Amino acid sequence: MGLVGKVEYGTWKNGSSVYKDSKGYYVVAVNATGPMYKKYLKGWKPEKNAEMMEFVNKRWTIRKKAKGKSKKSKTRKA
């Protein structure tokens, strides 16, 4: 089990990178006497237009945002 995810969603107050898994958003923290662990963040959400970094082909790259489909309004024919 790796502590670091493949997508970086932003940064925490102390400059740590924020990752996400099935339990929620987390940062990797270090114990003074023990190993590293995941510290989950309650109520943290990424900014709406924040750039995300993705680990692809052994490099961190900026994640491209998918273009959403435009909704066509349906009107009733009389």
- In the range 46-55, residue nearest to Lys20 (Cα to Cα) [restricted to those that are surrounded by 11 or more Cβ atoms within 10 Å (Cβ to Cβ) and either among the charged types (D, E, K, R) or modelled with pLDDT of 85 or more (or both)]: Glu54
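Which residue is farthest from Asn49 (Cα to Cα), if the candidates are limited to the range 6-20 and must be outside any strand (DSSP E or B) and either modelled with pLDDT under 85 or out of contact with any Pro (no Cβ under 9 Å at 6 or more places or on another chain) (or both)? Step through it out loud before you land on a result.
Within the range 6-20, the first condition is being outside any strand (DSSP E or B), and the residues that meet it are 6, 9, 12-16.
Subset that is either modelled with pLDDT under 85 or out of contact with any Pro (no Cβ under 9 Å at 6 or more places or on another chain) (or both): 6, 12-16.
Details: Lys6: 19, Trp12: 16, Lys13: 18, Asn14: 21, Gly15: 19, Ser16: 19 Å.
Per the criteria, the residue is Asn14.
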- Item | Neighbours by Cβ (under 9 Å, 6+ apart or cross-chain): first from the range 33-53, under 15 Å from Glu8 (Cβ atoms); second of a type in the set (Lys, Arg) | Lys38/Lys23; Pro46/Lys20; Glu51/Arg63; Glu51/Lys65; Met52/Arg63; Met52/Lys65; Met53/Arg63
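Going through Leu41, Leu3 one at a time, which residue ends up being at pLDDT below 80, surrounded by 10 or more Cβ atoms within 10 Å (Cβ to Cβ) and more than 11 Å from the chain's Cα centre (by Cα)? Full working, then the answer.
Details: Leu41 fails: at pLDDT below 80.
One residue alone meets the criteria, Leu3.
The values are calculated or read from the model by the stated rules, or taken from the named source; none is laboratory data. No experiment lies behind these values; they were computed from the predicted model shown. Ideal geometry is used to build each Cβ from the backbone, glycine not excepted, and the neighbour counts take in all protein chains shown.
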